[in-house]
1. Direction-averaged shadow area of the convex hull around the Cα atoms of the chain, nm²?
2. Compute the FRET efficiency between Ala43 and Ala204 as 1/(1 + (r/R0)^6), taking r as their Cβ-Cβ distance and R0 = 30 Å, and round to the nearest 0.05.
3. Given H placed on each backbone N at 1.01 Å, which residues far from Val196 in sequence or on other chains put an amide H within less than 5 Å of it?
4. Extending each Cα 7 Å along its Cβ direction at Gln137 and Asp68, get the distance between those two points in nm, one decimal.
5. Any chance you could run the full-extension gain for Glu83 through Leu19? It's 0.36 nm times the residue separation minus the Cα-Cα distance, nm to one decimal.
6. Restricting to DSSP H runs of at least four residues, report the calculated mean residue ellipticity at 222 nm for the chain, -39500 (n - 2.57) per run over all residues, nearest 500 deg cm²/dmol.
7. Taking all protein chains together and a probe of 1.4 Å, list Thr89, Thr15 from the most accessible to the least accessible.
8. What Rg and what Dmax come out for segment 126-229 when only alpha-carbon atoms are used, in angstroms?
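The values are calculated or read from the model by the stated rules, or taken from the named source; none is laboratory data. Since the structure is predicted, the reported quantities are computational estimates derived from the model, not experimental observations. With ideal geometry, Cβ positions are generated from the backbone for all residues, glycine too; neighbour counts draw on all protein chains shown. Each accessible area value is taken on the protein alone, full model and side chains, heavy atoms only, with ligands, DNA and RNA left out. Shrake-Rupley method; radii C 1.70, N 1.55, O 1.52, S 1.80 Å.
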Amino acid sequence: MSAPARPARVRLPATPDELLTTTRSVRLRLDLNRPVDLAEVRACVETALQAPNGGNTQRWHWVVVADDGLRERVAAVYRRVFEVRYPPTASAGTSGVGVTDRMLEGGRHLASHLHEVPVLVIPCVDLGGRSLPPGNQAGLWGSLLPAAWSYMLAARARGLGTAWTTVHLDAEQEIADILGLPDGVRQGALIPTAHVVGDGFGPAPRRSVDSVLHLDGWGGGAGSGGSGD
C-alpha cells in the first residue's frame, strides 16, 4: 500500500515586506479537513501580545473556539446575520461600495462552511464593566485591532490562513452568550484560522499610494522622492 500523500507545503514569506503584502483574508482556500495544532494558535497569540496598546493596559482577551459544538453554534448565528446583510439574491453591485463578485463569493463560502473551519479566534477588549464610550473610539479599538492583525501575520508566517470578519457583531450578544463572555467584554473581530489549499499568495489590488498620501495637509502630493538637503 502506498503512503498517504502529504499536504502541500505553503511557501512562507521570505522578507518582512512580503509577509505584510501577502497576508490575505483567506475564505475560499481554507483547508477544512486538516486539523490545526492549538500550540501554533497559542504561539500566534503570544506574538500578538507584543502589539502596541494605549497606556500598556493590555485589556485584550482571546477566545479560541475549537470545540465542534461551539463552532456549530457560532457559525449558525454567523450564517443568519450574513444572509440578512447579503441575501442570496444580492450581487456585488447591490452589496456596498468596494464589494466585488469574488469577495461576495468568498464571503458566502465562508458563511456556509464556518462550522468546518478548525479554529475560530475572537479578539476581545475588556471594558471593566463600562459601556462603549460615545464619540470617536479610535483609542479603544486601536488597543486591540493591531494585535488582531499581528495574530494574522504570525499565522501567515507559520503557513496558516486567516480571514478578518466582523459580520457576527450584528448579533454580538448572542455570540457572547454562547461563549460565556462577561458583561463589559466586547468583541473586535472573528478570525477563522486553518491551513490553506494551494501554495502562494500575492499582493492584492490597491489604490496607488499617490492617490492617498497627503504631505503637510489634505491634498498635498508627496511625490516619489525623498527630501533634499
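1. The directionally averaged projection comes out at 17.5 nm².
2. About 0.70, to the nearest 0.05.
3. Placed amide hydrogens put Asp31, Gly161 under 5 Å from Val196.
4. 3.6
5. 19.8 nm
6. -9500 deg cm²/dmol
7. The residues order as Thr89, Thr15, largest area first.
8. Spelled out, the Cα radius of gyration and Dmax of segment 126-229 are 19.2, 61 Å.
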